[in-house]
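Undergrad: Encoded as structure tokens, here's the structure I'll be asking about.
Only the coordinates and a few stated rules stand behind these numbers; no lab work does. Fair warning: this is a prediction, and the values are worked out from it, not measured in the lab. All Cβ positions, glycine included, derive from the backbone under ideal geometry; neighbour counts span all protein chains shown.
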Amino acid sequence: MKQILKETGGVIVPMNIPMRPGLLRMAGKLTRRVQDPLALLRWFPFLQDLIQNMPFGQQIKREKQSTLFWLLFRNANNTQAAFRPSQGMATMLGAFDTWDLAHTQAEYVAQVKQKYIKQGLILDDGGDLGTGGTFESGHLGYLEGIILYDPSNPASAMAARDLVQTGSKDSIDQAMGLPIAGFGSEANELFGPACSNYHTWLKRIKTALDPHMACDPFFYVAGIPNEYKEKS
């Protein structure tokens, strides 16, 4: 996108500046007096990034990002179906929580993917997340940290695995919530101690409802073996 802007003389409109009537009126007066009011931004592109990263207006920026996600992803093709032929897609972290949490995860994933992108082990998507959206008028958010890798390249597959595992560890260390795929016995044992020991309660529920473990526990949890013997 930055290359296209450079070639065409385009300018990034800062997402943290509110386009309100008063500001637009000021911009209108300026354009009547200055031939190219955005010339500085065209000559020095780094100023665009500087404005985008300024601390003020972050709430406005997030609101605009939510609106953008709503417009783009509500009408997008199903991501899994798009990559079904190659199965070269993995996901890390993932939120079904507040949009603030999804936004925090997005910034984290975009940064942590850079190492593997530079090594050529995963697709260079600029760190883009790939899929997400908002619910409840922007209060809740869904997001996945999409990774596109080459399943025929062992090093690429291992890079995707490392990203998923790193994200799982950092989701605990940096308080980024339970990942979207945080289910099953192994995940429960990992995340349970950091979340009020919920894994112990799941085991008790499983044991009470399915004392002989007739149902496959893979996507839920295995019960308590000693209690199987007591009930059998």
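Undergrad: Using only the alpha-carbon atoms, how far is helix 99-112 inclined from the longest principal axis of the chain? Give it as 0 to 90 degrees, nearest 10.
TA: For helix 99-112, the angle is close to 90 degrees.
Undergrad: Run through every distinct alpha carbon pair of segment 2-56 and return the Kirkwood hydrodynamic radius in angstroms, one decimal place. Walk me through the numbers before you get to the answer.
TA: Values: mean 1/r = 0.0808 Å⁻¹.
About 12.4 Å, per the Kirkwood formula over Cα pairs.
Undergrad: Based on the mean of other Cβ atoms within 10 Å per residue, sort peptides 55-61, 99-105 so the most packed one is first.
TA: The densest-packed peptide leads the list: 99-105, 55-61.
Undergrad: Give the peptides 163-175, 1-13 in descending order of average Cβ contacts within 10 Å, highest first.
TA: By packing density, highest mean first, the sequence is 163-175, 1-13.
Undergrad: Please report, in cubic angstrom per residue, the volume enclosed by the convex hull of the alpha-carbon atoms of segment 87-173.
TA: Numbers: hull volume 7.1 nm³, N = 87.
About 81 Å³ per residue, rounded to a whole number.
Undergrad: Please work out the C-alpha center-to-center distance from segment 1-59 to segment 121-170 and express it in whole Å.
TA: Cα centroid of segment 1-59 versus Cα centroid of segment 121-170: 31 Å apart.
Undergrad: Ok, one more. I want to verify a result. In a Gaussian network model of the chain, Cα cutoff 10 Å, which of these has the top mean-square fluctuation: 189, 63, 136?
TA: Among 189, 63, 136, the largest GNM mean-square fluctuation belongs to 136.
Undergrad: Can you tell me the dipole magnitude for segment 87-173 around its Cα centre, using point charges on the Cβ only (Lys, Arg +1; Asp, Glu -1), in Debye to the nearest 20?
TA: Dipole size: approximately 320 debye.
Undergrad: Go ahead and estimate [θ] at 222 nm for the chain from helices alone: -39,500 (n - 2.57) per DSSP H run with n ≥ 4, summed, over the residue count, rounded to 500.
TA: After summing the helix terms and dividing by the residues of the chain, the value is -14500 deg cm²/dmol.
Undergrad: Quick one: angle between helix 198-209 and the longest Cα principal axis of the chain, in degrees between 0 and 90, rounded to 10, please.
TA: Value to nearest ten degrees: 40.
Undergrad: Follow-up question, since we're still on this one. Could you work out the per residue convex hull volume over the alpha carbons of the chain, in cubic angstrom?
TA: Looking at the chain, the number lands at 180 Å³ per residue.
Undergrad: Something else about it: Which one, 191, 132, 179, projects farthest toward the positive side of the charge dipole computed for the chain from Cβ point charges (K/R +1, D/E -1)?
TA: 132
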